[in-house]
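Novice: Sharing a structure below in structure tokens format, with a few things to ask.
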Amino acid sequence: MSDLSGKPDYRGPATLTFDDPAAEFDVRIDLRGHSQPIDGIFRWYGRVRPHEGLQEFMEAAASSRKGMLSTDSGTAPVTVGDVDFWGRYRLQGKGNPPYPLEPEEDWDDTPAASTPSAEDRALARAAALLEPEFRASADTTEGYVELLGGTPAPSPTTASKAMNNRLVASIYEKLWRPAGIAMMGVGGLSMSAERAKAASDLRLTGDMKVLDVASGPGNFTRNLSEHLSGDGIAIGFDISEQMIRRAVRDNRGPHAAYMRGDAQSLPFADNTFDAVCCFAALYLIPNPLTVVDELVRVLRPGGRIAIMTSYGRETAPVRSVVGAASGRIGVRMFEKEQFTSIFEACGMTEIEQEVRGLAQFVSATNAS
């Protein structure tokens, strides 16, 4: 959710009404909106200031609720969604908003500052890579491509709950991920060296199309994007709304854009990308081999794939201890040959593997 920094389109009193069960609340709201570049539909969004009665009503539902939002200027259907740290519930709607719209300026009179930013152009290039059925339903109002309609990510394990946590998203790059990498024993390889290795393994250059699955808060994606030029685009793809919001806040760029979706069914046609990667995430994903199959599917012939994931070691005592600890928190340990075998079965070439502690780096070239 955007932080609504700056002046909103509407700030003031409003009435929220619901039919099932019937309820009405006088609230204060902040709203803004714009026409979505993908389909031209006007979408508006905002927050409700903290309201005790509304909070009790929403907590009873344990999910979003649809209702009507009215101001002195109009009424429109609205979805009341999640609550933020300050007790503000999210509002979303599309079509005519419940506040007056300023008439659009003539193109010739539009100031230069209102032309699309480099970041917005990157988002549009990313959205253009979606298959048509996904493009039609995608929402870009919050600076990323939302493909799940705001549905919360599943959190079946301790690890997945952490990845969907706002606090973890805020400290992920500086504290959480380095701590995890240290536990894996990736000795002698700094974060910057890991990123450099990824860019080298993927052979990034020019106007390539790059997909970074399980991108978290986007630091890795942004770094990959800095090796691109022209119309090159690196897409950070993650299922966690908290991670994607953080990525949009901190790591958008002229060649970096973000999407929220399920990597078990990527919304792209076969052979879409010049390079695909997934670093430090497959061991957290419920169906990791399905995700790897999807990465291979969307990679063009001659394109590069690179992953970094866990390695269970070959010594029996080590495997037993690591396996027991990782299983309790929802972390998988993979065999040394697991991914090299998959890539060989796909007919890939130039397969390379490097093992460091409890981590393995594997890269390959798709068959041309």
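Novice: Do we find a residue being without any contact (Cβ under 8 Å) to a residue 24 or more places away in the chain, touching a helix residue (DSSP H, G or I) at 6+ places or on another chain (Cβ under 7 Å), open to solvent by 10 Å² or more (accessible area, probe 1.4 Å) and within 26 Å of Val331 (Cα to Cα) anywhere in segment 275-289?
Specialist: So the first thing to find is which residues in segment 275-289 are without any contact (Cβ under 8 Å) to a residue 24 or more places away in the chain, and the list is 287.
Applying the additional criterion that residues be touching a helix residue (DSSP H, G or I) at 6+ places or on another chain (Cβ under 7 Å) yields 287.
Cutting the leftovers down to open to solvent by 10 Å² or more (accessible area, probe 1.4 Å) gives us 287.
Subsequent filtering for residues that are within 26 Å of Val331 (Cα to Cα) retains 287.
Yes, there is a match, as at least one residue in segment 275-289 is without any contact (Cβ under 8 Å) to a residue 24 or more places away in the chain, touching a helix residue (DSSP H, G or I) at 6+ places or on another chain (Cβ under 7 Å), open to solvent by 10 Å² or more (accessible area, probe 1.4 Å) and within 26 Å of Val331 (Cα to Cα).
Novice: Return yes or no: is Ala247 crowded, with 22+ Cβ neighbours inside 10 Å and over 23 Å from Thr140 (Cβ atoms)?
Specialist: Criteria not met by Ala247.
Novice: Show me the strands (runs of 3 or more DSSP E) entirely contained within segment 259-360 in which 2 or more residues are at pLDDT below 95 and under 28 Å from Pro152 (Cα atoms).
Specialist: 299-310
Novice: Could you grab me the full set of residues in segment 336-368 that are of a type in the set (D, E, K, R) and touching a Lys or Arg at 6+ places or on another chain (Cβ under 9 Å)?
Specialist: Passing the criteria: Lys336, Glu350, Glu354.
Novice: Of everything in segment 36-71 that's assigned to a loop (DSSP other than H, G, I, E, B) and without any contact (Cβ under 8 Å) to a residue 24 or more places away in the chain, which residue is surrounded by the most Cβ atoms within 10 Å (Cβ to Cβ)? Talk me through it step by step, then tell me what you get.
Specialist: Step one: of segment 36-71, the residues assigned to a loop (DSSP other than H, G, I, E, B) are 36-41, 49-51, 62-64.
From what's left, without any contact (Cβ under 8 Å) to a residue 24 or more places away in the chain: 40, 62-63.
Numbers: Gly40: 7, Ala62: 6, Ser63: 9.
The residue in question is Ser63.
Novice: Here are some residues: Ile235, Ile244. Which one is touching a strand residue (DSSP E or B) at 6+ places or on another chain (Cβ under 9 Å) and either under 26 Å from Met348 (Cα atoms) or in a loop (DSSP other than H, G, I, E, B) (or both)? If you could, list the steps in order and put the result at the bottom.
Specialist: Working: Ile244 fails: either under 26 Å from Met348 (Cα atoms) or in a loop (DSSP other than H, G, I, E, B) (or both).
None of the others qualify; the one that does is Ile235.
Novice: Exactly one of these conditions fails for Asp26: (1) surrounded by 14 or more Cβ atoms within 10 Å (Cβ to Cβ); (2) outside any helix (DSSP H, G or I); (3) modelled with pLDDT of 90 or more. Give me its number.
Specialist: Among (1) surrounded by 14 or more Cβ atoms within 10 Å (Cβ to Cβ); (2) outside any helix (DSSP H, G or I); (3) modelled with pLDDT of 90 or more, the lone unmet condition for Asp26 is (1).
Novice: Hey, another quick one. Please state which of the following conditions Gly206 fails to meet, knowing it meets all the rest: (1) in a helix (DSSP H, G or I); (2) at pLDDT 95 or above; (3) over 18 Å from Val362 (Cβ atoms).
Specialist: All conditions are met except number (1).
Novice: Same structure again: Give segment 228-243 a look and list any residue that's modelled with pLDDT under 95 and aliphatic (A, V, I, L, M), or say none.
Specialist: Correct list: Ile239, Met243.
Novice: Just need a number here: residues in segment 335-364 that are of a type in the set (S, T, N, Q), in contact with a helix residue (DSSP H, G or I) (Cβ under 7 Å, 6 or more places away or on another chain) and either open to solvent by 60 Å² or more (accessible area, probe 1.4 Å) or over 15 Å from Leu282 (Cα atoms) (or both).
Specialist: Restricting attention to segment 335-364, the residues satisfying the condition of being of a type in the set (S, T, N, Q) are 338, 340-341, 349, 353, 360, 363.
Keeping just the survivors that are in contact with a helix residue (DSSP H, G or I) (Cβ under 7 Å, 6 or more places away or on another chain) gives 353, 363.
If we keep only those that are either open to solvent by 60 Å² or more (accessible area, probe 1.4 Å) or over 15 Å from Leu282 (Cα atoms) (or both) too, we end up with 353.
So the count comes out to 1.
Novice: Continuing with this model, one more query. From the residues in segment 94-105 that are of a type outside the set (D, E, K, R) and more than 16 Å from Gly40 (Cα to Cα), which one is modelled with the lowest pLDDT?
Specialist: Out of the qualifying residues, it is Pro100.
Novice: Further question: Find the residue count for segment 217-243, including only residues that are closer than 18 Å to Glu294 by Cβ and under 8 Å from the mean Cα position of the chain (by Cα).
Specialist: Of segment 217-243, the ones closer than 18 Å to Glu294 by Cβ are 221, 234-240.
So of that shortlist, the ones also under 8 Å from the mean Cα position of the chain (by Cα) come out as 236-240.
The qualifying residues number 5.
Novice: Does Val83 qualify as being within 23 Å of Gln242 (Cβ to Cβ), open to solvent by 30 Å² or more (accessible area, probe 1.4 Å) and aliphatic (A, V, I, L, M)?
Specialist: yes
Novice: Next question, about the same structure. Under 6 Å between Cβ atoms, at least 6 apart or on separate chains: pull out the pairs that start in segment 218-240 with a residue that is polar (S, T, N, Q) and end on any residue that is assigned to a strand (DSSP E or B).
Specialist: Thr221/Asp212; Thr221/Ala234; Thr221/Gly236; Thr221/Ala256; Ser225/Ala234; Ser225/Gly253; Ser225/Ala256
Residue by residue, here is whether (1) modelled with pLDDT under 75; (2) surrounded by 13 or more Cβ atoms within 10 Å (Cβ to Cβ); (3) under 29 Å from Val48 (Cβ atoms) holds:
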| site | (1), (2), (3) |
| --- | --- |
| Gln92 | no, yes, yes |
| Ser117 | no, no, yes |
| Asp120 | no, yes, yes |
| Thr151 | no, yes, yes |
| Ala169 | yes, yes, yes |
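Novice: Return yes or no: is Ala263 crowded, with 20+ Cβ neighbours inside 10 Å, farther than 30 Å from Val83 by Cβ and in contact with a helix residue (DSSP H, G or I) (Cβ under 7 Å, 6 or more places away or on another chain)?
Specialist: Against the criterion (crowded, with 20+ Cβ neighbours inside 10 Å, farther than 30 Å from Val83 by Cβ and in contact with a helix residue (DSSP H, G or I) (Cβ under 7 Å, 6 or more places away or on another chain)), Ala263 does not qualify.
The values are calculated or read from the model by the stated rules, or taken from the named source; none is laboratory data. Since the model is a prediction, treat every value here as computed from it, not as a measurement. Note: ideal-geometry Cβ built from the backbone for every residue, glycine included; neighbour counts use all protein chains shown. We work out accessible area using only protein heavy atoms, side chains counted, and drop any ligands, DNA or RNA first. Shrake-Rupley method; radii C 1.70, N 1.55, O 1.52, S 1.80 Å.
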